[in-house]
Amino acid sequence: MKFFIINSFRTMIYVAYIAVIVSGIALGIYNKGEFTGELIGLTGTLAQVADFAVFTVGGWIAASLICGLIVTLLDIRDDINDRLPDARRDD
């Protein structure tokens, strides 16, 4: 049973990582160059390509931070659960 629980957490992280990156890409497509147009002064297709690149990289960074935090918190929880029986033992 532990095998399935561990692999379900791993699958959750993979799905979350891909979902955050895809949402960054979708935001870059939706924005249609307005972000970099205002920020840098680009116009037209070049602004759209720059927006796509900026939001793709931003989605990748956000996914790394979010999923890294989830894995870290799960690891801390696992370490606490491993040590908990030792604290209850009465020698």
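General observations
- One chain, two ends: I29 and D78. Fully extended at 0.36 nm per residue, the span grows by 13.7 nm beyond their Cα-Cα distance.
- Peptide packing for 22-30, 39-47, 75-83 was compared via the average number of neighbouring C-beta atoms within 10 Å per residue; ordered from the highest value, the list is 22-30, 39-47, 75-83.
- Taking a Cβ cut-off of under 10 Å around Q48, the surrounding Lys, Arg, Asp and Glu residues balance to a net charge of -1, with basic ones at +1 and acidic ones at -1.
A short reminder: the numbers here are calculations on the coordinates, not readings from a lab. What you are looking at is a predicted structure, and each value in this text was computed from that prediction instead of being measured. When we count neighbours, we look across all protein chains shown, and the Cβ atoms used for this are built from the backbone with ideal geometry, even at glycine.
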